[in-house]
Structures are given as C-alpha cells and as structure tokens.
Amino acid sequence: MPFTDKPQVFGASINALTVGAEGREIVLGGSNVLPLYSFDAPIPNAPRVGVEVSDRGYDKTVPGLAEFYAGCETVPEQAKKACTMEGCDFIVLTLDSADPNAENTSVEDCVELVKAVYDAIDKPLAVIGSKNIEKDADLFVKVADAMRGKNILCLSCREENYKQVGAGVVLAAGCLVGGESAVDINLAKQLNVLLSQLGIPSTSVVMNLGSAAAGYGFEYLASTIERVKNAALTQNDQALQMPVVTIVGDDAWSVKETLLEESEEPEWGPREERGIQMEIETAAACIACGSDAVLLRHPVAVKTIADMIKELV
Amino acid sequence: MAKFITIGERIHVISPAIRKAMAERDPAPILKRAKEQLDAGADYLDLNIGPAEADGEELMPWAVQLLQKEFDNVPIALDTANQKAIVAGISVYNRAKGKPIVNSADAGDRITNIDLAADNDAIVLALCSAAGVPGDNDERMNYCQQLLERGMEMGMESEDMWFDPLFLVINGMQDKAMDILEFIHMLSDMGLNSTGGLSNVSNGMPKDVRPIMDSAMIAMSMQAGLTSAILNPCDRRMMETIKSCDVIKNNILYFDSYLDM
C-alpha cells in the first residue's frame, strides 16, 4: 500500500513573541505543529539558546568556563564574551546577588549592572531575578523601567508577585515577562489567566514551567511541557499558547553526576565531559518536548544544541 | 475531545421586543441580547426570525451582518423555516469564526435543509424526527440513519451534521427522559455530533427550579456524550455546570479560575 503523508497541522499555534529591540530581535514560538515536527509544516522560528551569566560572574564551579572567559574581569565583559559562543542567541543575566539572604545587592546597583550588560552585548537580553519574591517584585519593575524600549524579558513572576511584576514590567515599561510555575500545569494556566486579567497581552508573556536535570524528576517536567503544548495545539487553549523558556544549566550543573570530581569517581571520567553531556541531554529533551528556548552555560553544550536545532528545523 | 459548544437561544422572534426590533430593523434590542449572551459565554448565537415568509430574504442578511459586524464575526445558527432566507443569510455570512449552522432539518418535510447545508458548506442541525415525537429510540435511530444517508449522498462531512434527539419536557413526559439520554449515548458511540434545545426540559416548571433542572440535564447529557446545546447562556448555574463538566471530561485543562473564562 502506498504511504500517504498526512501532515498533522493544528488550527492553533504557539504565540510568536519578539524578544529584544533596536536591531537585535529574536522571535520565540509561532509554530502550529508538534515540537520539531518540521515535516508537518514549516516551523517559522526555531528554538533558541540563551547563555546564562550571573551578576557574580560566570559559574566558577563549571569546568572549562575559566578558560573561555579568560581575560574578562567584569560581568559586562563576560556577557560580551558569551555573545561570541557559537549558537548563542541571547544573553541571560542572573541577579543572584540581589537575594536578601545573600549579598543583598541593592536594586539600584542591579539596575546599573543590567544597563552596563545591555550596552556591552549585541544580542537580546533576559534577566533572571534573585528568586526572592518581595525583592524581585521591586527589582523587575525598576530594571524594566530602566530598559524601556529594549524589550527585555524578565524571568519570572510568580503567583505571589505577578501583579506588581506584570503591571510594572509589561504595562508600565513595555517589556516582557515570564510566568513561573514549579512543574504544575494547572498553576501555569492559572498564572497566565491572572496575567491576562491584569490586561497584559498574551503576546508579552512566556512560560517558565520549572526545570530539572535528566534523572532528577525530569519526567515530570517533560510531561508538563508536553501536556502544555498538547492543550495549546489540540484544544486551542489560548491560556497555554505562550512560548516556553526552560532554565537548563543551573540544574544540569548541580547534580551528583556533574559535581563529583574525577578523583572521587574515577570510572565516571572527566567532570567537564559529564557536565556538558548532562546539559546537552537535558536541553535536547526539553526542546523535543516543546521548550522554545533553553538557557545553558557551557560553550560546547551551546554549540551542540544549536547544531542539533539547525539540523532538525 | 473538543469543548462543549453552546448556542445562545435568546434572539428569538417569539420575544415581543425582538419581534418588534426585527420588524422595524432596530438594531439596539438585538445587539443587547447578543451582547448579554456572548458576555455569558455563548459560542454561537441562534438567530430565529420565525417563518418570515414576507421579508425573510431581506431580514436574515440584515441581522447576520448586524451581529457579525458588531461582534467580530460571531458564528450564527440561521433559524427559520424560510429556505431562501437562510441562503440569503449565508451569502453574506463571514466564516472566520466558524461555519454557519442551518437550523434545522428533519426526516420529514424539512429534509431538503440538508441539501441546502451541503450546497452552502454549512453545518446542519438534524432533528431525529419526522412529524411529532418519535415513539422510541428505534424510531429515532431510523430517522438518524435517513438523515445521515441524505447528508452523505449530498457530500457532507458527518461532523457537520449535529443530530438532535429532541429534548422533551420533564413536567409531562418524565418517563421519556432516560430514553433521550440513552439515544445521546448511541449517537456518541457512532462518533456523531449532537445538539438540542435544552430549555424544553424544564418548560412549565417554576422559575427558580428551571436552572437546577437544566443543569442536571446538561450534566447527564454531557456524560452521555452530547457535544453542544441550544440554551440560555444567561443561566449562570447551567454555564458553570457546563464548564465543570468540560473539565471533568478533560475537554479543557483545569485551572483555579476556570469558571471566569
């Protein structure tokens, strides 16, 4: 019997969302087929790779980064260098030190750093907060205010602070916001609905559905991303048609398999190799499930994932 | 499974205000009723102009354009015995939000409304009856088969035929209610879409009882597989029941504010 090709193209699509401005835009989402199913219909915007740099500088615990960032003393210099990673689409600045339980860097200092990083790089910028709910509410609003017209992406608001963050970042400053839900599909939908009830257009919102490293509860994350994409496409659920951004590097470099030195586990081989593999495997699986962007740390992982996307889309 | 489809029934010539507005081509009362129903969550609007023997061919296109222009091409069920009026309405109908519905065909005199729907790429409501109320489900199924065959002959997709089991009034025909539910189940097993005038169920009951009876009937009908209904969307209890049933049936993904959507 001859094979009859029946493309599975949905009457619904993921929102296309532009990050960045001033000639350095990228577009996330826009597809009306299952993730990577470019054989069913052209995928207008391939998944994107963001490179994470902390306000404490690059992650010193990740082997290989010291060599890559050699000679870059300041955070803006490192962010500029990160732009040269092959496959890097955008820069993600993590404001770790703003956490009141850590260095408690002031909001004003954070804003200055964000401005300096933005000026140093030639790619779109996303900002991850301190993960402290109260601090982030203030932080994101002031950062976005200073970045008016730059269309930066603030990751992320939560159920507890979506009002301040959503209103300040999107309605007041015209930037973009991520809604964060910890691997909970119903909460993800609820948060999107709450944001829309504030009057925030769905085309200014991405979803941060949580993160996990392969082998560490990853199946929950994978199934959450998959179910979100299925509801968005098969049920035309407009409260779930936002692009998905997944933070991969943080978890991938924080598990036993990537932390233990070769001296402790000789049969596991070099730690850098293991970490790169963990980042690649986790990111590849996220993209296969439906992530529209993954955030990574190691240049080899960034290049590999970018090459994979290029081959498949 | 797709979300349950609600067809708002409140633009009906039997209402004195609507009859007057249609006769005088006065948009305000019609738009008001349409807005109330859409705000309450109706997917389709039923547009009943009555027999409209004299001016249906002008009235239907006027009303279709009035509603679609004001409400972003809202999809409409064109409800009249005047076939020329339906054709005239479809000729100006914008399909951006959904195909027009021809309301309605039956297995008797009105079977040619299937041809009309087929010729105009419309959905047709197909009443599983010919004249009067069918005696039992064998009879209903017989009519259903006749209607389905006619549609297939005319080249329709079966998904564009929404079969109506004919909901019966409980206060008077109580003993038939379970038959109707069983028939919906049979339609569902055949993979067919279904619909029906739900408000008929509680006809003649006290006003405060009707929403409760209608809600119970819609819940049991959705369990049996009903895929849409013609109803009063301004009945909040019933709309909340439908949304809850859609969640239970996994037609929409649960979230805390699901009743607000």
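If A:Met207 passes every condition in (1) buried (at least 20 other Cβ atoms within 10 Å of the Cβ); (2) within 14 Å of chain B (Cβ to nearest Cβ); (3) over 19 Å from the mean Cα position of the chain (by Cα) but one, which one does it miss?
Among (1) buried (at least 20 other Cβ atoms within 10 Å of the Cβ); (2) within 14 Å of chain B (Cβ to nearest Cβ); (3) over 19 Å from the mean Cα position of the chain (by Cα), A:Met207 violates only (3).
For region A:233-252, give me each residue that is within 24 Å of A:Val53 (Cβ to Cβ) and buried (at least 22 other Cβ atoms within 10 Å of the Cβ).
Step one: filter region A:233-252 for residues within 24 Å of A:Val53 (Cβ to Cβ), giving A:243-252.
Those that are within 24 Å of A:Val53 (Cβ to Cβ) and buried (at least 22 other Cβ atoms within 10 Å of the Cβ): A:Pro243, A:Val244, A:Val245, A:Thr246, A:Ile247, A:Val248, A:Gly249, A:Asp251, A:Ala252.
Right, A:Cys154: buried (at least 16 other Cβ atoms within 10 Å of the Cβ), in contact with a Leu (Cβ under 8 Å, 6 or more places away or on another chain) and either among the basic types (Lys, Arg) or at pLDDT 95 or above (or both) or not?
Numbers: buried (at least 16 other Cβ atoms within 10 Å of the Cβ): yes; in contact with a Leu (Cβ under 8 Å, 6 or more places away or on another chain): yes; either among the basic types (Lys, Arg) or at pLDDT 95 or above (or both): yes.
Taking the combined requirement at face value, the residue satisfies it.
Output the residues belonging to region A:219-255 that are more than 13 Å from the chain's Cα centre (by Cα), away from chain B (no Cβ under 14 Å) and without any contact (Cβ under 8 Å) to a residue 60 or more places away in the chain.
Result: A:Glu219, A:Tyr220, A:Ala252, A:Ser254, A:Val255.
Consider only pairs whose beta carbons are under 7 Å apart and that are at least six residues apart or on different chains; among these, list those whose first residue lies in region B:24-43 and is at positive phi and whose second residue is at pLDDT 95 or above.
Every condition considered, the pairs that remain are B:Arg25/B:Trp62; B:Gly41/B:Thr6; B:Gly41/B:Pro233; B:Gly41/B:Met239.
Can you find, within region B:158-191, the residue that is least open to solvent (accessible area, probe 1.4 Å) among those that are more than 18 Å from the chain's Cα centre (by Cα) and of a type in the set (Asp, Glu)?
This residue is B:Asp179.
Would you please name the residue that is nearest to A:Leu187 (Cα to Cα), looking only at residues in region B:224-261 that are open to solvent by less than 10 Å² (accessible area, probe 1.4 Å) and within 14 Å of another protein chain (Cβ to nearest Cβ)?
The selected residue is B:Phe255.
Just to be sure, is B:Gln37 farther than 26 Å from B:Cys144 by Cβ, in contact with a Leu (Cβ under 7 Å, 6 or more places away or on another chain) and away from chain A (no Cβ under 14 Å)?
Criteria met by B:Gln37.
Sort through A:Thr61, A:Thr74, A:Thr94 and tell me the only one that's surrounded by fewer than 19 Cβ atoms within 10 Å (Cβ to Cβ) and either at pLDDT below 95 or within 22 Å of A:Trp253 (Cβ to Cβ) (or both). Give the derivation first.
On the way: A:Thr74 fails: either at pLDDT below 95 or within 22 Å of A:Trp253 (Cβ to Cβ) (or both); A:Thr94 fails: surrounded by fewer than 19 Cβ atoms within 10 Å (Cβ to Cβ).
On inspection, the qualifying residue turns out to be A:Thr61.
Give the residues of region A:158-175 that are in contact with a strand residue (DSSP E or B) (Cβ under 6 Å, 6 or more places away or on another chain) and either open to solvent by 10 Å² or more (accessible area, probe 1.4 Å) or modelled with pLDDT under 95 (or both), sorted by residue number.
Those that are in contact with a strand residue (DSSP E or B) (Cβ under 6 Å, 6 or more places away or on another chain) and either open to solvent by 10 Å² or more (accessible area, probe 1.4 Å) or modelled with pLDDT under 95 (or both): A:Arg158, A:Val170.
Quick one: how many residues across region A:159-193 are more than 10 Å from every other protein chain (Cβ to nearest Cβ), part of a helix (DSSP H, G or I) and either under 17 Å from the mean Cα position of the chain (by Cα) or among the aliphatic types (A, V, I, L, M) (or both)?
Number of matching residues: 6.
Does A:Val193 meet the test of being crowded, with 24+ Cβ neighbours inside 10 Å and either farther than 21 Å from A:Cys289 by Cα or β-branched (Val, Ile, Thr) (or both)?
Working: crowded, with 24+ Cβ neighbours inside 10 Å: no; either farther than 21 Å from A:Cys289 by Cα or β-branched (Val, Ile, Thr) (or both): yes.
So A:Val193 fails the test.
When you scan region B:213-223, do you find a residue that is over 22 Å from B:Asp164 (Cβ atoms) and either of a type in the set (A, V, I, L, M, F, W, C) or surrounded by fewer than 19 Cβ atoms within 10 Å (Cβ to Cβ) (or both), even just one? Give the steps one after another, and end with the answer.
We begin by selecting, within region B:213-223, every residue over 22 Å from B:Asp164 (Cβ atoms); these are none.
No, that holds for no residue.
Tell me which residues, restricted to region A:249-273, are hydroxyl-bearing (Ser, Thr, Tyr) and closer than 17 Å to A:Gly215 by Cβ. Spell out the reasoning first.
Residues of region A:249-273 that are hydroxyl-bearing (Ser, Thr, Tyr), as a first pass: A:254, A:258, A:263.
Across region A:249-273, the qualifying residues are A:Ser254, A:Thr258.
Restricting attention to region B:24-49, report how many residues are within 15 Å of B:Met60 (Cβ to Cβ), more than 16 Å from the chain's Cα centre (by Cα) and surrounded by 17 or more Cβ atoms within 10 Å (Cβ to Cβ).
1
Scan region B:1-49 for residues that are in contact with a strand residue (DSSP E or B) (Cβ under 8 Å, 6 or more places away or on another chain) and over 23 Å from B:Glu240 (Cβ atoms) and report the count.
10
Name the single residue that is farthest from the chain's Cα centre (by Cα) among those in region B:115-153 being open to solvent by 70 Å² or more (accessible area, probe 1.4 Å) and within 25 Å of B:Ser91 (Cα to Cα).
B:Glu153
Please give the strands (runs of 3 or more DSSP E) falling wholly within region A:198-313 in which 1 or more residues are of a type in the set (Ser, Thr, Tyr) and at pLDDT 95 or above. Break it down into steps so the answer makes sense when it comes.
Numbers: elements: A:205-208, A:245-247, A:293-296.
Filter on region A:198-313 gives A:245-247.
The values are calculated or read from the model by the stated rules, or taken from the named source; none is laboratory data. Quick caveat: nothing in here was measured; it's all calculated off a predicted structure. Glycine also receives a Cβ, built like all others from the backbone with ideal geometry; neighbour counts cover every protein chain displayed. Surface accessibility is based on the protein's heavy atoms, side chains included, excluding ligands, DNA and RNA. Shrake-Rupley method; radii C 1.70, N 1.55, O 1.52, S 1.80 Å.
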